[in-house]
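Reviewing the structure listed below.
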Amino acid sequence: MHLEYFHYQLNLKSPFRLSAGVRDHTDIVIIKLSYEHHVGYGEASLPPYFDENIRTVISFFKKIDVRRLRVDLPINEILQYVDGIDKGNNAAKAAIDIALHDLKGKIEKKSIYELYGLNRPIDISTSLTIGISSLDELEKKIIDAEGVELIKLKLGGNNDKALIQDYLSICHKPFCVDVNQGWNDKEEALELVNWLHEKGAIFVEQPLKKEKWKEMEWLFKRSPLPLIADESVKRLEDVDKVIGRFHGVNIKLMKSTGIYEANRMISRARKLDLKVLIGCMAESSCAVAAAWQLSSLVDWRDLDAPLLTLNDPFNGINYKNGKIDVVGSVGLGVTIEEGI
Ligand code: MG
């Protein structure tokens, strides 16, 4: 196999405001794994709050002995080797995982969901995420949300109630909220969760700092709404920690180290009777198409990144009336733009 990679700057349609700050682009590293005339693509997305960046991803790729990436080996064996190279580096590992799956699908002329024995995901609705916005910005974004069944509102600032009031004054679609660890203590969180319940929210994602497991235990016992773990849960070993603290998990390939482990996390979460959401970072259609392959297995999908992007280097995802579909049926099902 032959491994190549390059940096790409993914520009966002409008500045994205979270409790952690505001940004207008996200760096990604795209990798190409080639075998004979087949090429598999993968992607590491690197939002600024991550502990990985372009430099760490590239230095991880340089440590890979390409001779160990053999097409005759099962993907999980190759991934075990890649995982053992160094700890952390989850987004870099996800890029390898995605490219290996794409390549295997292309060699076997199968889609990735078929490699996992799954049916083609059909009629898959996705929520649309709206960053912390002024009323004017919110009005524009709601117009773009035609057909969307669930809106995800980012909270965690100082005026969360005002943001929700603004939203409810112009939109009646069901909504959930993502606090991105932005609330400070459990009492404040409970007061806001109760208020959000009255206002009709569907669930609350990551209300407190990721390490506040004890406080989550307290909140879990009292919350009238499902609480979903995002930053608190990265990999398979984290899923069991959620019991008695959250009602569900948001699984993302950039945290899980890719498709293979995400699939195992979904199975584990199901066994534990947890709700499952599959989500994404600011990513191109490459990594989002990878997450889509597993989307028939989960309760909610938050796979809207390509909708928020100006210069997606991949083609092949269609959004229509709040539904996401991947056009191709081999490998990831997406193709890279010519000249990239
Ligand atoms: Mg989140």
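The values are calculated or read from the model by the stated rules, or taken from the named source; none is laboratory data. From a predicted model like this one, the values you see are computed outputs, not experimental measurements. Quick reminder, even Gly has a Cβ in these numbers, built from the backbone with ideal geometry, and neighbours come from all protein chains shown.
Hey, can you tell me all the residues within region 315-340 that are closer than 22 Å to K32 by Cα and within 17 Å of the chain's Cα centre (by Cα)?
I317, V326, L332
To keep it simple, each residue is scored yes or no on (1) within 15 Å of I259 (Cβ to Cβ); (2) among the hydroxyl-bearing types (S, T, Y).
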site	(1), (2)
I85	no, no
N90	yes, no
A94	yes, no
D97	yes, no
K104	yes, no
S125	no, yes
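Answer yes or no: is there a residue in region 159-171 that is of a type in the set (F, W, Y), under 29 Å from I142 (Cα atoms) and in contact with a Gly (Cβ under 9 Å, 6 or more places away or on another chain).
Within region 159-171, none of the residues are of a type in the set (F, W, Y), under 29 Å from I142 (Cα atoms) and in contact with a Gly (Cβ under 9 Å, 6 or more places away or on another chain).
Go through region 246-266 and count every residue that is away from the ligand (no atom under 16 Å from the Cβ) and free of Cβ contacts under 8 Å to residues at least 60 places away in the same chain.
Kept after step one, since they are away from the ligand (no atom under 16 Å from the Cβ), are these residues of region 246-266: 257-261, 263-264, 266.
Now restrict to residues that are free of Cβ contacts under 8 Å to residues at least 60 places away in the same chain: 264, 266.
The total comes to 2.
Report, by residue number, each residue of region 1-58 that is part of a strand (DSSP E or B) and of a type in the set (V, I, T).
Correct list: V22, T26, I28, V29, I30, I31, V39.
Can you confirm whether I124 is under 17 Å from the mean Cα position of the chain (by Cα) and among the aliphatic types (A, V, I, L, M)? Show your work before the answer.
Values: under 17 Å from the mean Cα position of the chain (by Cα): yes; among the aliphatic types (A, V, I, L, M): yes.
Spelling it out, I124 is indeed under 17 Å from the mean Cα position of the chain (by Cα) and among the aliphatic types (A, V, I, L, M).
All but one of (1) touching a strand residue (DSSP E or B) at 6+ places or on another chain (Cβ under 7 Å); (2) surrounded by fewer than 20 Cβ atoms within 10 Å (Cβ to Cβ); (3) at pLDDT 95 or above hold for L33; state the number of the condition that does not hold.
Just one mismatch for L33, condition (2).
Looking only at strands (runs of 3 or more DSSP E) that lie completely in region 267-320, which have at least 1 residues being away from the ligand (no atom under 16 Å from the Cβ), out of contact with any Cys (no Cβ under 7 Å at 6 or more places or on another chain) and not aromatic (F, W, Y)?
317-320
Report, by residue number, each residue of region 290-340 that is without any contact (Cβ under 8 Å) to a residue 40 or more places away in the chain and not hydrophobic (A, V, I, L, M, F, W, C).
P306, N315, G316, N318, T335, E337, E338, G339 - these are the residues of region 290-340 that are without any contact (Cβ under 8 Å) to a residue 40 or more places away in the chain and not hydrophobic (A, V, I, L, M, F, W, C).
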